Amino acid sequence: MEPQADCTVLYLSGEIDTFVAPRIRECIADVWARSSTPLVIIDLSGVSFCDAAGIRALLFAQKIMRMSGRRLVLSGVDDRMAMLLRVSGVRDEFEVHESVEQVLLADAESLGL
């Protein structure tokens, strides 16, 4: 987890499966409890595999951030992950960008910086 001035970035890597998903949920709950940044970015560029449990963990992250009035963005979504989100029927639940830098640039542009 990497806090920045107005956002928190959570970098995930490896496989997001039934065994890892609970840990991701714990990390998200920790970010929710300890940070008040309005933007949370989950970077998936290092993820090599994701199953249904991983998708549920991402949906949990989206739900908890929305409930607290924060914005959650997925970055580093490759073609494989994009297809998984579409096939799972949850693609429209997430704002997706190619990289963390792209998210930050889009935010800066929307603020007129």
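The values are calculated or read from the model by the stated rules, or taken from the named source; none is laboratory data. The shown structure was predicted, so the numbers you read here are calculated from the model rather than taken from an experiment. Here the Cβ is made from the backbone with ideal geometry for all residues, glycine too, and neighbour counts use every protein chain on show. Just the protein is used for accessible areas: all its heavy atoms, side chains included, with ligands, DNA and RNA removed. Shrake-Rupley method; radii C 1.70, N 1.55, O 1.52, S 1.80 Å.
I'd like the orientation of helix 21-34 relative to the chain: the angle between its Cα long axis and the longest Cα principal axis, in ° from 0 to 90, rounded to 10.
20 degrees
Over the residues of the chain, compute the C-alpha Rg and express it relative to 2.2 N^0.38 Å. The partial results should precede the final answer.
Numbers: Rg = 13.2 Å, N = 113, 2.2 N^0.38 = 13.3 Å.
The chain yields a ratio of 1.00.
Sort 56-62, 76-82 by packing, meaning the average of other beta carbons within 10 Å per residue, with the highest value first. Show your work: numbers first, answer last.
Numbers: 56-62: 19.9, 76-82: 15.9.
Top of the packing list down: 56-62, 76-82.
Quick check on segment 1-57: what does the Kirkwood estimate of hydrodynamic radius come out to from the alpha carbon pairs, in Å? Please report the intermediate quantities before stating the final value.
On the way: mean 1/r = 0.0858 Å⁻¹.
Hydrodynamic radius (Kirkwood, Cα pairs) of segment 1-57 is 11.7 Å.
When the Cα centres of segment 47-67 and segment 5-26 are compared, how far apart do they sit, in Å?
First find each Cα centre; the distance between them is then 8 Å.
Could you point to the residue in 53, 16, 108 farthest towards the positive end of the chain's charge dipole, with +1 and -1 charges on the Cβ of Lys/Arg and Asp/Glu respectively?
53
Under a 1.4 Å probe, what is the accessible area of the chain per residue, stated in Å²?
Per-residue value: 56 Å².
For the chain, find the longest principal axis of its Cα atoms and tell me its angle to the long axis of helix 52-67, 0 to 90°, nearest 10.
The angle comes out near 30 degrees.
Using only Cα atoms and rounding to the nearest 10 degrees, what angle (0 to 90) does helix 100-110 make with the longest principal axis of the chain?
40 degrees
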